[in-house]
Amino acid sequence: QYQGIETGTGTGQFNGSVPLGTTLSGSTYQLVDGDRAGHRTYDLNQGTSGTGTLFTDDNDVWGDGTQSNRQTAGVDVAFGAAATWDYYKDVFGRNGIRNDGVAAYSRAHYGNNYVNAFWDDTCFCMTYGDGSGNTHPLTALDVAAHEMSHGVTAATAGLTYSGESGGLNEATSDIFAAAVEFHENLPADVPDYMVGEKIDINGNGTPLRYMDKPSKDGASRDYWSSTLGSVDVHYSSGPANHLFYLLSEGSGAKTVNGVAYDSPTYDGVPVAGIGIDNAQKVWYRALSTYMTSSTNYAGARTATLQAAADLFGAYSPTYLAVADAWAAINVGS
Ligand code: ASN
Ligand code: ZN
């Protein structure tokens, strides 16, 4: 059915100039990524159901970087899906969200003034709103990676989306959102440990979440406590996001790619970072091998220690850094 796998070019609002996997059908190019199992990207035209219309183009040059060009959102979300697919494949050998080689699909321009984006396991699809006034689309790379990683979590640990397991589910999406940014390393979206820093959802330039010190958003927790399970999952993710930052970069003040971070520890004991490449391997192995639907923060500590022992050796420096990072968010000692 693919007449030809093509490589188009596009200009997104957030991703800049990017290559796009496209398919030539007759004399029309379709936003169907033949290099990645035929992932399709649709324009919902402000509708809220079905698939709307497939994005198509005459010359395989897509979008212009402005929000008023309908294709621009298609460019960003198609690229986000491709980058997320490539990340899981390149780094973990994972063949698609369910590791079965099947592509999801993406829907842009959902509804009116819809200030969210979401993954849906039922349709096995991604959906993106255009935000406030239909002029602030939620189509950045970390948003795509966050949402699609909900599909990976559902296909692996299956972390229940409430209580502490819900916070770990949300954190897993934030962790891989950051990891996809670092893997992709786009000039237009320089990698960082913030979530949603491009989409200006708050209207004042601040990101949705900060991983070095999650409480900077005014709501997220920095540390585990016995009340964490009663906090909204987008805030009980804070301690695990903080753990991942500490494990990657270490505690204290540090500048990464021009962004200044200052990550505190609960116990006052410094944490030495192991680098994001190793930290993401520990989290992924813990998620896909040891965590279950009911894993809580204590269980996640055990899972990551087992993962670190498998990958780097029990009581290796990396294993001990994992233990130190959990202690730094008040889990274990
Ligand atoms: N964007 C939200 C999230 O990924 C959608 C939701 O509420 N599940 O968490
Ligand atoms: Zn989420």
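The values are calculated or read from the model by the stated rules, or taken from the named source; none is laboratory data. The model shown is predicted, which means the values in this text are computed figures rather than measured ones. In this analysis, Cβ positions are derived from the backbone assuming ideal geometry, glycine residues included, and neighbour counts consider all displayed protein chains.
Remarks
- Test: D174 is assigned by TED's automatic domain parsing to the domain that holds G275 and crowded, with 24+ Cβ neighbours inside 10 Å: yes
- In this structure, N113 does satisfy being away from ligand 2 (no atom under 16 Å from the Cβ) and either more than 13 Å from the chain's Cα centre (by Cα) or not basic (K, R) (or both).
- Checked against (1) surrounded by fewer than 24 Cβ atoms within 10 Å (Cβ to Cβ); (2) in contact (Cβ under 8 Å) with a residue 40 or more places away in the chain; (3) in the same structural domain as V195 (by TED's automatic domain parsing), G313 passes all but condition (2).
- Check on D189, more than 11 Å from ligand 1 (Cβ to nearest atom), touching a Phe, Trp or Tyr at 6+ places or on another chain (Cβ under 8 Å) and in the same structural domain as G111 (by TED's automatic domain parsing): no
- Candidates F118, F79: the one that is within 16 Å of ligand 2 (Cβ to nearest atom) and not in a loop (DSSP other than H, G, I, E, B) is F118.
- Of R98, R107, R40, all but one fail to be buried (at least 16 other Cβ atoms within 10 Å of the Cβ) and in a loop (DSSP other than H, G, I, E, B); the exception is R98.
- Residue within the range 212-224 that is touching a residue at least 60 places away in the same chain (Cβ under 8 Å) and either polar (S, T, N, Q) or surrounded by 21 or more Cβ atoms within 10 Å (Cβ to Cβ) (or both) present: yes
- Test result for A73, among the hydrophobic types (A, V, I, L, M, F, W, C) and farther than 26 Å from L287 by Cα: yes
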